[in-house]
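The values are calculated or read from the model by the stated rules, or taken from the named source; none is laboratory data. Quick caveat: nothing in here was measured; it's all calculated off a predicted structure. As a convention, Cβ positions derive from the backbone with ideal geometry for all residues, glycine included, and neighbour counts pool all protein chains shown. Note: accessible area is taken over every heavy atom of the protein model, side chains too, but ligands, DNA and RNA are not part of it. Shrake-Rupley method; radii C 1.70, N 1.55, O 1.52, S 1.80 Å.
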Amino acid sequence: MQKIRFIFGIRVVFSFFILFTNGYAAYGADTYSGSNNAAINTAQNQNTSYLTGAEMQVIAEINKARTNPPQFAEQYLAEWAGKSSNARECYEKMKKMTPREALIPSFALSQAAKDFANESGGSGQVGSTGSDSSGLWTRIDKYGIWSGVVAESISYGYNDPLKIIAQLLVDSKSSCGGQQENILNTGNRFVGVGMATHKTYRYMCVINFASEIKDK
């Protein structure tokens, strides 16, 4: 689902994707040939003690996809491409993409993501609206000052960082535009991640994006 709102001329994008699955696996680092690990692992290059190891790896997987979309598609998304026409479209689209800059971890975006993951996971709710009817911008405003575009992607059912990103990128339930736009948008520069257990779907992961943001 994706909604677009204009608030004082600033575009705010919301989207979430529900992953219905019975399978899950513990996260782990994998071999990604021809990559600059320092450029990909931006969460390990800064003081990111607010992130868990799994959350850092989610950012690394996003940056793998951004810095070399064709290689990521071929190495990790080919198995999804045959599952639906939408998945195939997403796969083919990434095969033709040029590199994007790696995203920089943000404390403000991560804290907003963690708050919402913990709240939603405990109650079992799905979607981007908080229990108090708050939206993404309200959650981010608590921790940071942002400008430009903010966006949110939410997955349910996986705790493996690579599977979370791979499935979001080849969103087989709808057009590939929304999820790929969030993860691969050239205008995004910052990212935050929050992972939690979910009452209904076992796991959830909230990923927030912003073009510009500063911690309060």
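Points to keep in mind about this one:
- Whole-number accessible area per residue in Å² for region 93-166, which is evaluated in the context of all protein chains at 1.4 Å: 37
- In region 86-164, Cα pairs under 8 Å separated by at least six residues give a relative contact order of 26 percent.
- Candidate residues ARG189, ARG100, ARG139, ARG88: accessible-area rank, largest first, probe 1.4 Å: ARG88, ARG189, ARG100, ARG139
- Equivalent-ellipsoid semi-axes of region 66-141, from the Cα gyration tensor, Å, largest first: 32, 18, 10
- Here region 59-216 is treated as a Stokes sphere of Kirkwood radius computed over C-alpha pairs; at 4 °C and 1.567 mPa s its diffusion coefficient rounds to 83 µm²/s.
- Taken along the Cα-to-beta-carbon direction at a fixed 7 Å, the label points for LYS96 and THR138 span 4.1 nm.
- ALA38 versus ASN118: modelled label distance in nm, points set 7 Å from Cα along the beta carbon direction: 3.5
- Ranking by accessible area, most exposed first, for ASP132, ASP160 with a 1.4 Å probe: ASP132, ASP160
- Surface share of carbon and sulfur [accessible, 1.4 angstrom probe, percent] for region 41-154: 49
- Given R0 = 45 Å, the distance between the Cβ atoms of GLU74 and THR52 translates into a calculated FRET efficiency of 0.95.
- Beyond 23 Å in Cα-Cα separation lie the following of the pairs LYS95/LYS214; LYS93/LYS163; LYS142/LYS199; LYS93/LYS114: LYS95/LYS214; LYS142/LYS199; LYS93/LYS114.
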